[in-house]
Amino acid sequence: MAASVTEAETHVLAAAPGAGRYTGKAADVYNWMRGRTAHLDDTQQSAREALIYRQGLEHAIAAGDTKVIRPHRCPACRTYGLFWREQAGHAACVNRHCVDEHGLSRTWSLERLAQQHIADRKLRAVGTT
Ligand SMILES: [Zn+2]
C-alpha cells in the first residue's frame, strides 16, 4: 500500500506540481488525488482514474482475487473471456481467433485493462446523457 501511495503522490506532483506532498492516511489518498487534479483536462483525469483503477486490480490480485479480470472485455476482440496468468503477470484472451502475429493469445497488462475500462466507462456515460 505504501508503494501505491507513493505512486499516487508522484502522479499528482507530475500533473499538478503545486499540489504539495501527501500527508494523510493511505486509505484517503485517492480522494486527495481527485481533489488536487480536479482542474486538469479530461485526458489527465482519465489517466488518474486509470491509475486508481489499476491499483485496485493489483490489490485484488495480490490478495488472490483474480476474478476481478473476468468482467473486462478484451481490448482487441471485445469479447469476455480474459483470464489471469499468474506467472506472466498479465491477462490473456481465450478467444482462439484473437491472436497476435505469432498466433499466440493476445495478452494485456493491468494498466492497459484499466485504461480500456476508463475509456469504456466514459463512452457509457456519454451514451446516457
Ligand atoms: Zn480478444
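The values are calculated or read from the model by the stated rules, or taken from the named source; none is laboratory data. Here the structure is a predicted model, which is why all the values come from computation and not from measurement. FYI the Cβ positions are ideal-geometry reconstructions off the backbone, even for glycines, and counts take in every protein chain you see.
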Q: Of all residues in the range 91-105, count the ones that are under 19 Å from Leu57 (Cβ atoms) and surrounded by fewer than 17 Cβ atoms within 10 Å (Cβ to Cβ).
A: 1
Q: Report, by residue number, each residue of the range 93-129 that is near the ligand (Cβ under 10 Å from one of its atoms) and either of a type in the set (Phe, Trp, Tyr) or in contact with a Leu (Cβ under 7 Å, 6 or more places away or on another chain) (or both).
A: Cys93, Trp108
Q) Quick one: Leu51 ticks every box in (1) away from the ligand (no atom under 16 Å from the Cβ); (2) without any contact (Cβ under 8 Å) to a residue 40 or more places away in the chain; (3) out of contact with any strand residue (DSSP E or B) (no Cβ under 9 Å at 6 or more places or on another chain) bar one, so which box is it? A) (2)
Q.
Among the residues of the range 112-123, are any at pLDDT below 95 and over 27 Å from Val5 (Cα atoms)?
A. yes
Q: Could you tell me which residue of the range 59-89 is nearest to the ligand (Cβ to nearest atom), considering only residues that are out of contact with any helix residue (DSSP H, G or I) (no Cβ under 6 Å at 6 or more places or on another chain) and in contact (Cβ under 8 Å) with a residue 40 or more places away in the chain?
A: Arg73
**Q.** Hits in the range 90-106 (condition: touching a residue at least 12 places away in the same chain (Cβ under 8 Å) and not in a loop (DSSP other than H, G, I, E, B))
**A.** His90, Ala91, Ala92, Cys93, Ser105
(Q) When you check Ala119 against the structure, is it among the small types (Gly, Ala, Ser) and closer than 20 Å to Leu51 by Cα, yes or no? (A) yes
